[in-house]
Amino acid sequence: MLTKNEIIEKAYELGFGDVGFTGAEPFESQKEILSQRQQEYAWAYKTGLDLMAGTDPKNILPDARTIIVLMEVYFKEAYPSALERHVGRCYLDDDRIRQDRLAARIKAFRAFLRDQGIQNKVPFHLPHRLAAARAGLGTFGKNCLFYSNKVVAKGSWVLPVAVVVDQEFTPGEPTLEVGCPEWCRNTCLVACPTGALKGPRHIDPYKCISFLTYFGQGLTPLELREPMGLWVYGCDRCQNVCPRNAPWLARELPVNQKVAAMVEDFRLEKLLHMEAPYFNDRIWPHMFYMSDKDLWRWKMNVARAMGNTLDDRYVPELTKAFMENGDERVLGMIAWALGRIGGPEAKKALNDALLKSNGLVREEVVAALEKG
Ligand code: SF4
Ligand code: SF4
């Protein structure tokens with residue numbers, strides 16, 4: 001029979017930053033929240049995540065006795081600023097498709113347990129952050145994120161991985177509290193550009209930029225276009241402004257060379273003009289929440305981000321993309337972006353576009369011309 005210490009040693013040997021243990025009793029507080037906020041979590045069920053079932057580890061493994069929580073740090077190395085300003089950090093080195101780093105280490109950990117007769121499952125729908133807090137690995141932030149007690153200078157750049165097992169181990173001391181200092185005065189709530197943080201530890205996912213960038217439906221409403229700023233996929237603003245993350249953000253970290261090599265592929269111009277083969281080959285293996293059927297959303301997000309740079313070097317790209325595209329959501333956002341950047345060249349492009357547009361696109365072109 002494996003001892004707790006042997007499991008801890010293995011977790012560290014495999015590169016996890018911390019490891020903890022909690023019992024397999026149901027997550028009653030989470031059940032309550034999910035019952036009260038059914039509308040807010042409806043999107044998860046649509047994507048196949050039965051969050052309510054995940055609140056009872058016995059639904060995952062009938063003989064569940066313990067949850068081992070492995071703490072993965074996803075921001076060990078610095079990311080290029082050309083990517084950080086448009087993409088949430090947790091997506092920049094995500095191997096869920098390629099399965100060659102974190103996934104391989106989780107697999108090795110599971111095999112180690114299994115070889116010693118411990119059955120285990122790694123569910124996606126169990127409340128991982130709550131499990132980590134119950135195991136004593138960290139506390140909550142009012143921004144709904146989880147802050148480690150130990151790694152990344154006690155910051156939030158962590159991903160707890162819950163492993164449900166059929167053996168009993170002594171649980172850690174829970175740290176279920178919010179760990180924010182009084183003096184912070186809700187910086188994250190105030191800084192959220194779209195007002196998605198309704199209160200401490202209460203997010204409206206439908207207003208969150210992360211959700212909007214990969215699941216938003218239709219042309220982004222006018223009132224969200226400026227607040228969504230330069231984000232193309234995900235958003236880190238409520239983590240970047242958090243004083244609990246300042247110590248880690250101040251560190252001089254070595255650059256993640258693998259991600260640095262992706263900069264060229266992720267240039268806004270390339271994303272704006274990309275076709276399905278390019279997307280499937282270069283983009284989707286890293287960021288897979290949208291398939292090639294959703295290229296319109298990628299392009300709409302990129303056009304909005306270009307507009308919000310106010311940089312007129314994007315005007316020729318947007319003008320060209322207007323000619324290439326047939327999707328009214330992309331065309332409408334291109335018109336908005338040209339109007340936002342403004343200037344004679346953008347105005348000329350909009351006047352040319354007016355002659356070729358109708359319906360929704362024409363409305364956006366007219367509104368953009370009125371603005372300029
Ligand atoms: S990720 Fe961005 S949009 Fe979402 S809650 Fe945080 S600051 Fe707001
Ligand atoms: S910004 Fe302030 S309130 Fe928000 S999570 Fe950080 S410390 Fe807590």
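The values are calculated or read from the model by the stated rules, or taken from the named source; none is laboratory data. No experiment lies behind these values; they were computed from the predicted model shown. Note that each Cβ is placed from the backbone with ideal geometry, even for glycine, and that neighbours are counted across all protein chains shown. Please note that ligands, DNA and RNA were not included when accessible areas were found on the heavy atoms of the full protein model with its side chains. Shrake-Rupley method; radii C 1.70, N 1.55, O 1.52, S 1.80 Å.
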Worksheet item: Within the stretch 24-46, restricting attention to residues that are within 23 Å of R201 (Cα to Cα) and in a loop (DSSP other than H, G, I, E, B), which residue is least open to solvent (accessible area, probe 1.4 Å)?
Response: F27
Worksheet, complete the sentence: Matching residues in the stretch 333-358 (of a type outside the set (A, V, I, L, M, F, W, C) and either in contact with a Phe, Trp or Tyr (Cβ under 9 Å, 6 or more places away or on another chain) or not in a helix (DSSP H, G or I) (or both)) number 6
Discussion item. Show the residue pairs meeting these rules: Cβ distance below 8 Å; 6+ apart or different chains; first residue within the stretch 68-93 and farther than 30 Å from V165 by Cβ and at pLDDT 95 or above; second residue β-branched (V, I, T) and open to solvent by 20 Å² or more (accessible area, probe 1.4 Å).
Written reply: E77/V255; A78/V255; Y79/V255; P80/V255; P80/V263; A82/V263; L83/V263
Worksheet entry | First in the stretch 247-259 and aromatic (F, W, Y), second anywhere and not in a loop (DSSP other than H, G, I, E, B), Cβ under 9 Å, 6 or more apart | W248/V152; W248/A153; W248/K154
Item to complete: State yes or no: is T175 hydroxyl-bearing (S, T, Y), open to solvent by 10 Å² or more (accessible area, probe 1.4 Å) and either farther than 27 Å from C235 by Cβ or outside any strand (DSSP E or B) (or both)?
Response: yes
Worksheet item: Which residue pairs have Cβ atoms closer than 7 Å, lie 6 or more positions apart in sequence or on different chains, and pair a first residue in the stretch 150-164 that is on the phi > 0 side of the Ramachandran plot with a second residue that is of a type in the set (K, R) and open to solvent by 20 Å² or more (accessible area, probe 1.4 Å)?
Response: K154/R244
Worksheet item: When the residues of the stretch 199-218 are filtered to those that are more than 13 Å from ligand 2 (Cβ to nearest atom) and open to solvent by 40 Å² or more (accessible area, probe 1.4 Å), which remaining residue is farthest from N240 (Cα to Cα)?
Response: Q217
